């Protein structure tokens with residue numbers, strides 16, 4: 001399906017020269033009286049290689065047809081691959097760390113998420129924009145250090161390390177933005 005360059009967005013997957021390219025950054029520029037210029041940064045889903053493309057507003061690109069399926073994240077193998085199980089068929093499959101990148105730091109084992117497929121091949125995961133995770137390790141706050149925006153290191157239950165405010169301690173459940181990795185707030189226990 002052909003789509004004009006002005007209709008592309010970050011996160012769209014396009015097909016070019018037999019490769020699937022994930023758009024990681026989209027910039028639309030209109031310098032003065034000149035025609036619009038669209039610059040996109042891409043990441044190959046086959047090789048993991050990054051690239052840049054400069055397009056005109058009239059250029060047409062092929063958008064890849066993708067399927068999304070609910071799958072349960074089971075575990076991480078010793079080689080770094082992630083093992084999933086289809087929630088409907090119970091088939092197991094793996095995704096490499098190159099494909100999912102840092103996103104799996106926000107997913108707990110045995111949690112169900114959406115996995116993206118192209119021609120029955122898994123190519124990525126879809127995670128929510130924010131998640132609630134428990135703090136398993138946190139530095140002790142230093143008394144008297146109450147300047148605003150002071151942060152300390154913390155480790156979440158998935159092993160992800162982030163910066164949190166001084167008032168956060170081990171056992172707290174916190175909300176984290178998955179796009180930026182930023183602390184969004186504490187969540188009260190239910």
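Throughout, read-outs are computed from the coordinates displayed, never taken from laboratory work. All of these numbers come straight from a predicted model, not from anything done at the bench. Backbone-built Cβ (ideal geometry, glycine too); neighbour counts: all protein chains shown.
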Over region 2-63, volume per residue of the alpha carbon convex hull, in Å³: 68
Please list log₁₀ I(q)/I(0) at q = 0.21, 0.24, 0.25 Å⁻¹ for region 130-187, using the Debye equation with identical point scatterers on the alpha-carbon positions. -0.72, -0.93, -1.00
Expressed in nm², what is the orientationally averaged projection area of the convex hull enclosing the Cα positions of region 71-169? 7.6
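At 0.36 nm per residue, minus the direct Cα-Cα distance, what do residue 87 and residue 151 gain on full extension? Give it in nm, one decimal, please.
Stretched fully, the residue 87-residue 151 segment lengthens by 19.1 nm.
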For 183, 65, order by how many other beta-carbon atoms lie within 10 Å, fewest first: 65, 183
Modelled label reach - residue 136, point 7 Å along Cα→Cβ, region 37-80 residues with backbone N closer than 19 Å: 73-80
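222 nm [θ] for the chain, helices only, -39500 (n - 2.57) per DSSP H run of 4+, per residue, to 500? Intermediate results must be reported in sequence, preceding the final value.
Details: 1 runs with 4 residues, N = 190.
Using -39500 (n - 2.57) per qualifying helix, the result is -500 deg cm²/dmol.
Can you give the Rg to Rh ratio for region 67-126, taking only C-alpha atoms and Rh from Kirkwood?
Here Rg/Rh amounts to 0.91.
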